[in-house]
Amino acid sequence: MATTPVPGTRVTAAAAVPLPAGAPRHIAIIMDGNGRWAQRRGLPRIEGHRRGVASVRRVTEHAARRGIEQLTLYCLSRENWRRPALETTFLMHLLEQYMTEERALLMREGIRVAMIGRREGLPAATLAALDRTVAMCAGNTGMRLCLAINYGGRDEIVDAARSLALAARDGTIDPAAIDEETFARHLSTAGMSDPDLLIRTAGEQRVSNFLLWQISYAELWITDALWPDFDAGHLDAAIEAFVGRERRFGGLASS
Ligand code: IPE
Ligand code: IPE
Ligand code: MG
């Protein structure tokens with residue numbers, strides 16, 4: 001399927017204000033509302049996804065310039081395959097196109113790229129474009145952009161349990177020695193910090209199988225803004241709200 005160029009290629013680079021003390025190191029986003037954005041304009045849902053890519057571009061650049069250490073974006077869930085084939089096929093082509101078109105921006109901003117999620121089931125061309133981009137950005141030292149593609153939180157936990165069970169059976173791990181750190185090392189996010197802030201757009205108040213293990217103490221920030229309308233200002237507002245929160249991790253208020 002041929003896709004026309006993604007609109008909004010020109011990034012509106014907002015001035016990068018230094019991060020305040022107590023800002024989130026790792027922000028994860030459930031990018032929702034592409035379909036509704038399109039439907040409200042009488043457009044096909046796929047047009048919302050195309051516009052959503054422009055938001056990814058804006059927000060990635062802004063987060064990198066503000067000094068966020070990691071941005072994790074929920075691009076496609078395992079459950080999204082329940083959608084009509086026309087839509088999922090389009091999403092695959094869009095991902096492939098994004099991986100290719102984004103290289104200049106990723107290199108310019110020094111962004112590293114990682115993918116979490118199941119590779120099986122993704123088209124070879126999409127994976128090839130993704131792998132090339134990851135390899136190209138491997139030497140960068142700036143923000144880490146983690147793309148959750150064909151990702152499911154429960155799936156990831158089951159995979160970790162299986163790999164630990166195999167290691168125990170083979171005698172390479174002592175079941176009594178398995179603790180939270182060991183478990184986390186068997187997740188696809190091994191080596192990454194947990195998200196401090198989880199943003200969801202389009203007003204839905206649920207986590208939709210995203211990073212179930214990793215968000216145990218993430219602060220939630222939900223906006224009614226639809227993902228194609230989400231911009232640098234929304235990201236700044238979320239960061240500001242986060243800074244004003246008190247994270248207690250089960251303890252008591254500090255004052
Ligand atoms: C999010 O937008 C993008 C993906 C899940 C791929 P949606 O496509 O879920 O948009 P709504 O929720 O139908 O508006
Ligand atoms: C979550 O959005 C998945 C992504 C953003 C990729 P959905 O639109 O799939 O979530 P539900 O179905 O409303 O829970
Ligand atoms: Mg949705």
TODO: Quick one: which residues, 5 or more positions from Thr72 or on another chain, have an amide H under 5 Å from its amide H? H modelled 1.01 Å from N in the peptide plane, none for Pro or chain starts.
DONE: Ile27, Ala28, Ile29, Cys146
TODO: Could you run the Karplus curve 6.51 cos²θ - 1.76 cosθ + 1.60 with θ = phi - 60° over the range 211-221 and give me ³J(HN,Hα) per residue in whole Hz, x for Gly and Pro?
DONE: 6, 4, 5, 6, 9, 3, 10, 5, 7, 9, 9
Task: Computed accessible area, Trp221, all protein chains, 1.4 angstrom probe, square angstrom - done: 40 Å²
Task: Taking the range 148-255 and dividing mean pair separation by its residue count, relative contact order in percent (alpha carbons under 8 Å, at least six apart) - done: 25 percent
Task: Options Thr100, Leu122, Ser188, ranked by Cα towards positive dipole end of the chain, top entry (Cβ charges) - done: Thr100
Task: Solvent-accessible surface ranking, highest first, for Ile173, Ile222, Ile68 at 1.4 angstrom - done: Ile222, Ile173, Ile68
Open item on the list: Given the whole protein assembly as supplied and a 1.4 Å probe, what does the accessible area of Leu86 come to in Å², nearest 10?
Closed with: 130 Å²
Task: Largest to smallest accessible area among Arg248, Arg45 [probe 1.4 Å] - done: Arg248, Arg45
- [ ] Report, in deg cm²/dmol and to the nearest 500, the calculated mean residue ellipticity at 222 nm for the chain, where each DSSP H run with n ≥ 4 adds -39500 (n - 2.57) and the sum is divided by the residue count.
- [x] -12500 deg cm²/dmol
- [ ] Roll a 1.4 Å probe over the protein heavy atoms and report the accessible area of Met192 in Å², nearest 10.
- [x] 30 Å²
Task: Euclidean distance of C-alpha centroids, the range 155-183 and the range 20-78, integer Å - done: 33 Å
Task: Other-chain or far-sequence residues with amide H under 5 Å of Glu219's (modelled H) - done: Leu197, Leu198
Task: Whether the chain is rounded, prolate or oblate, judged on the alpha carbon gyration tensor where a/c under 1.5 counts as rounded - done: oblate
Task: Residue among Leu220, Ala38, Pro84 farthest towards the positive dipole end of the chain, charges placed on Cβ - done: Ala38
- [ ] Output the peptides 53-64, 158-169 sorted from most to least packed, where packing is the average of other Cβ atoms within 10 Å over each peptide's residues.
- [x] 53-64, 158-169
Task: Rounded percent of accessible protein surface that carbon and sulfur make up, the chain, 1.4 Å probe - done: 53 percent
TODO: Please state the charge dipole magnitude for the range 202-255, taken about the Cα centre, from unit charges on C-beta atoms (+1 on K and R, -1 on D and E), reported in debye and rounded to the nearest 20.
DONE: 380 debye
Open item on the list: Given a 1.4 angstrom probe, what's the average accessible area per residue across the chain, in square angstrom?
Closed with: 49 Å²
Task: Given charges at beta-carbon only (K, R positive; D, E negative), |dipole| of the chain in Debye - done: 660 debye
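Summing Lys, Arg as +1 and Asp, Glu as -1, what charge do residues with Cβ under 12 Å from the Cβ of Asn150 carry, Asn150 excluded?
-1
The values are calculated or read from the model by the stated rules, or taken from the named source; none is laboratory data. Note that the structure is a prediction, hence the values are computed from the model and not measured. Virtual Cβ from ideal backbone geometry, glycine too; neighbours counted across all protein chains shown. These accessible areas exclude ligands, DNA and RNA; they are computed on the full protein's heavy atoms, side chains included. Shrake-Rupley method; radii C 1.70, N 1.55, O 1.52, S 1.80 Å.
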